[in-house]
């Protein structure tokens, strides 16, 4: 793991040792967004920080936009084409240009700079100019990689800085970028302000025309309908109606009271008295009636003229004449001296005059009231129309005033200078501290962290079985032993079991086999037939079966090793035996099999796609196993793996105990889980696992 960081450090050192020095230049821009001293109008309340941050983000993105950077790129390449001391050494592509090509490039770049145009990659000529910029690292992407723009905390200032291998180049890029940005922003802002002023001006003119039209409509309506002041006129008519109704009520009361008084007086007279009285006073009465008619005519004129004062004097004069005539009538001594009702006659005459006056006045008042009511009713439709016109004028006036305010404000803002300005120009940059050693250290740290992360991920997602503890925990089946992985290309069993001076992994393997032998002996007790199988092929059950037989032979036991793997008879090939279980179970085996010397006898098989019960019947095979148990101390059977189904499971019926080999480093998949459930179903016949080919470090960890 440590080799990768070391290699990364070495590579980084050789890549950075010739790296040029870096010069950094920076300038500072004032935006006027949060600086109130630059505000033309003071906004009500403070702007939200999110809105301010958004405005600064827009400015910084515009500052880094391709349109602005292209202007800087054109300026740099124009400088290098026209100046004897370019900012950078000419690139290989630049050196290949002849004088005519350079002049053409200079002309094109100057036109593009003047017109603020971008290079079109669809144009072959401009595509070539783009490649020239890229070769000199003056293109927008190259500039952007070394350009940094940021806002100073929550202030009103934006810092623009650029780093390159030349101090003058760094300062030129920063100052040129700021200048082009301010120019572009100013043009863009002024254009928007001009459009805004034109828009508000046009809208203001339309609102003014609308207001004038509505005011003219109201004026024309008033002239046409002779309406000067509708409210005052309505108030005047209403006041006159109120006064006339009060007068009418008073007149009606007087009429009723005088009529009642006359009626009462008439009841007191003899029927002959009136005739006598009228005959004696007929002349005076005629004069009185004439004066009363004139007085009624004046009263009507006085009411119809809205109580004109000139009629008042005439009415008062006729009233005095009328009163004098009444007095003469009362003073005329033509009454019958015998009559006692002279005073009643005079009173009746007075009441008669008052009654006539009241009746005449009532008709005049009614006529005037009808006229006023009709005039008041004629004002109602005018009132509705005038209110609608005045409401429309009010709305139009409000809209006009609002638009006028916005127009004046926009026009005033447009007349002021731009708030964005350069307050600190960039000076030629100073050399920055070398980052070579930092890069070397970072390369080592990053690669080391990367390796640790990779190993952690591999370890975290690694579900393989590495030691016997994990195997027991994952399967809930005891592990009788574990065997280390022998890394030697060739393994000599005699070296393992006959050499007492064996060292290293060989000695360790032998010790583990002896421990396994002890655990299996404890499980077998007085039983003799041990079946060794595995979940899948290639897990080392053949090697374990042979070594377990050797381990028992060292404690002076007669061992029979049966090769029950018809699919792969490895034990048969290893032992080169001439005795086959097919012959033994069929009764045709040579008798020398039992009489031969040696503590380990091997009963092989002839191979082929057959199973145990296809060799002979179950009863015959069981009888043969009884004979074998009486002849040997232990019988070790190597069966095929459980994925061969019945070929392996048929041997279980003739064995006393089953031991399963599991290869270290394998994961327990779903098919393996199914086989494990089968092994658990064997109950007491199944003794457990033996973990094979365990790595040495896992053994040490487990032993600790």
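The values are calculated or read from the model by the stated rules, or taken from the named source; none is laboratory data. Note that the coordinates shown come from a computational prediction; the quantities given were computed from them, not determined experimentally. Every residue, glycine among them, receives a Cβ derived from its backbone with ideal geometry; neighbour counts consider all protein chains shown.
Tabulated results
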| quantity | calculated |
| --- | --- |
| Matching residues, region 146-163, being over 30 Å from residue 50 (Cβ atoms) and either part of a loop (DSSP other than H, G, I, E, B) or out of contact with any strand residue (DSSP E or B) (no Cβ under 6 Å at 6 or more places or on another chain) (or both) | 146 |
| Condition check for residue 114: surrounded by 11 or more Cβ atoms within 10 Å (Cβ to Cβ), part of a helix (DSSP H, G or I) and at pLDDT 90 or above | no |
| Filtered residue count, region 448-481, keeping only those that are at pLDDT 85 or above, surrounded by 14 or more Cβ atoms within 10 Å (Cβ to Cβ) and part of a helix (DSSP H, G or I) | 7 |
| Single unsatisfied condition, residue 515 versus (1) in contact with a strand residue (DSSP E or B) (Cβ under 8 Å, 6 or more places away or on another chain); (2) within 16 Å of residue 662 (Cα to Cα) | (2) |
| Checking residue 199 against (1) in contact with a helix residue (DSSP H, G or I) (Cβ under 8 Å, 6 or more places away or on another chain); (2) within 30 Å of residue 391 (Cβ to Cβ), the condition it does not meet | (1) |
| Flag if residue 542 is more than 30 Å from residue 668 (Cα to Cα) and either surrounded by fewer than 23 Cβ atoms within 10 Å (Cβ to Cβ) or touching a strand residue (DSSP E or B) at 6+ places or on another chain (Cβ under 6 Å) (or both) | no |
| Helices (runs of 4 or more DSSP H) within region 554-672 that include 3 or more residues closer than 30 Å to residue 522 by Cα and out of contact with any helix residue (DSSP H, G or I) (no Cβ under 8 Å at 6 or more places or on another chain) | 618-631 |
| Candidate set: region 518-535, residues that are surrounded by fewer than 21 Cβ atoms within 10 Å (Cβ to Cβ) and touching a strand residue (DSSP E or B) at 6+ places or on another chain (Cβ under 8 Å); chosen: the one nearest to residue 633 (Cα to Cα) | 528 |
| One residue from 51, 39, 67 being within 25 Å of residue 136 (Cβ to Cβ) and either modelled with pLDDT under 70 or surrounded by fewer than 17 Cβ atoms within 10 Å (Cβ to Cβ) (or both) | 67 |
| Selection within region 73-110 - more than 49 Å from the chain's Cα centre (by Cα) and under 14 Å from residue 168 (Cα atoms) | 83, 85 |
| Scan of region 155-186 for residues that are under 34 Å from the mean Cα position of the chain (by Cα) and under 30 Å from residue 406 (Cα atoms), ordered by number | 155, 156, 157, 181, 182, 184, 185, 186 |
| Residue check for residue 581: modelled with pLDDT of 90 or more and over 60 Å from the mean Cα position of the chain (by Cα) | no |
| Residue in region 208-222 that is assigned by TED's automatic domain parsing to the domain that holds residue 33, surrounded by 13 or more Cβ atoms within 10 Å (Cβ to Cβ), more than 30 Å from residue 96 (Cβ to Cβ) and at pLDDT below 90 present | no |
| Region 403-421, subset touching a helix residue (DSSP H, G or I) at 6+ places or on another chain (Cβ under 8 Å) and within 17 Å of residue 31 (Cα to Cα), residue modelled with the lowest pLDDT | 418 |
| Which listed residue, of 647, 624, 601, is at pLDDT below 90, more than 60 Å from the chain's Cα centre (by Cα) and within 18 Å of residue 539 (Cα to Cα) | 647 |
